[in-house]
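The values are calculated or read from the model by the stated rules, or taken from the named source; none is laboratory data. Everything numeric here is computed off the predicted structure, so don't read it as measured data. Counting neighbours? That spans all protein chains shown, and the Cβs are built from the backbone with ideal geometry, glycine included.
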Amino acid sequence: MLTIFTTGKAFEGHSGVIQRNALKSWTRLDADVEVILFGDEAGAGEAARELGVRHEAHVERNAAGLKRIDYYFERAQEIARHEILCYVNCDILLMEDFRAAVKRVAAARREFLMVGRRWDVEMAEAIDFGAKDWAEKVRGKVRAEGQARDQWWIDYFVFSKGLYRGKIPGLVVGRVYWDNWLIWRAWKDGAAVVDGSEAVCAVHQNHGYGYHPQGEQGVWTDEQARRNFQLAGGYGNLRTIDSANWKLTERGVERNRWYWTAHWRNTVNRKVKPARTFLRTRVWHPLLGWTRPMRHAVGLKKAAVVAPGSGALKAGSAEEKETRSRA
């Protein structure tokens, strides 16, 4: 049916818990699902044996020691039992709706890439997969406290075998831009890029960034992130989920008629962001400070005053991601 491959961090502490949760959820999708875990991190081999998944300890790394996605995308396509593959980040829970979506897209399109948005939740403990209602409990947690991420956050890539053979530059996982490049490459090669967000509830288990000395900020801004940007070919070769030219709905795989506007909207947002930042920090904030005594005198608080066109910056929005990547 499907070969899923991934790579992760050390299977220790909280990372070990959520990575085991993710891997186990994939093995329960179907009796014929193949799961491959790449990497020689501490505990990876033991976790693979425990969960009954294939372990490929060897990975290729760049000069800084980060894992290159071109290696394990190529290797996975060489050894996969199935014609449909999926790379998933090792902290993502997948359920029956994902399996159903893959089958529908594969039946509709011969060469394709399916991606989709994710939901963020806090998951501190191991999931009891022995409980028949484990998936419904996860969905309930998402409904109660989950945060939907926008089109910039891409955590799974379902694709037909051969789509990326020999085409991926030396991008590394654990930094930004490689995910946006994968969408662009599939689109560039004429494959159907399908947005599965309406059909799939992909659940991201929140985690920290202690693996980077500068924390989350370093993941977005360090030399390796900049190197990924260069290898990807810059903004012209980066796309988001909104750039998918097809979408999976209740009616099936349908044309996304306005997909072509996504890249230009993102470009415009990137161009005008410096002006918005200037107005907010050099004009609006000083104005708020200057008028504070008068506003307080009449009972008007800062929270009630909204800069024209600014809006609330939602966590995980495209603007936030752009802010971090360019900080």
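Only one residue in Glu60, Glu50, Glu34 is more than 13 Å from Thr6 (Cα to Cα), at pLDDT 95 or above and touching a strand residue (DSSP E or B) at 6+ places or on another chain (Cβ under 7 Å). Which one? Step through it out loud before you land on a result.
Working: Glu50 fails: touching a strand residue (DSSP E or B) at 6+ places or on another chain (Cβ under 7 Å); Glu34 fails: more than 13 Å from Thr6 (Cα to Cα).
Among Glu60, Glu50, Glu34, only Glu60 is more than 13 Å from Thr6 (Cα to Cα), at pLDDT 95 or above and touching a strand residue (DSSP E or B) at 6+ places or on another chain (Cβ under 7 Å).
From Ala57, Ala31, Ala64, Ala80, which residue is of a type outside the set (Ser, Thr, Tyr), within 23 Å of Ala101 (Cα to Cα), more than 19 Å from the chain's Cα centre (by Cα) and surrounded by fewer than 15 Cβ atoms within 10 Å (Cβ to Cβ)?
Only one candidate passes the filter, namely Ala31.
Looking only at segment 233-270, which residues are hydrophobic (A, V, I, L, M, F, W, C) and either within 14 Å of Ala186 (Cβ to Cβ) or at pLDDT 95 or above (or both)? Break it down into steps so the answer makes sense when it comes.
Restricting attention to segment 233-270, the residues satisfying the condition of being hydrophobic (A, V, I, L, M, F, W, C) are 238, 241, 244, 246, 248, 253, 258, 260, 262, 264, 268.
The answer is Leu238, Ile241, Ala244, Trp246, Leu248, Val253.
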Legend entry - Selected residue (criterion: surrounded by the fewest Cβ atoms within 10 Å (Cβ to Cβ)) from residues of segment 98-116 that are touching a strand residue (DSSP E or B) at 6+ places or on another chain (Cβ under 8 Å) and farther than 21 Å from Trp187 by Cα: Arg99
Legend entry - Entirely in segment 1-97, the strands (runs of 3 or more DSSP E) that have 3 or more residues that are outside the structural domain of Gly170 (by TED's automatic domain parsing) and out of contact with any His (no Cβ under 8 Å at 6 or more places or on another chain): none
Inset, instruction - Could you tell me whether any residue of segment 86-97 is hydrophobic (A, V, I, L, M, F, W, C), over 19 Å from the mean Cα position of the chain (by Cα) and surrounded by 22 or more Cβ atoms within 10 Å (Cβ to Cβ)? - result: no
Legend entry - Residues of segment 122-158 classified as in contact (Cβ under 8 Å) with a residue 24 or more places away in the chain, of a type in the set (Gly, Ala, Ser), exposed (fewer than 15 other Cβ atoms within 10 Å of the Cβ) and closer than 13 Å to Met95 by Cβ, total: 0
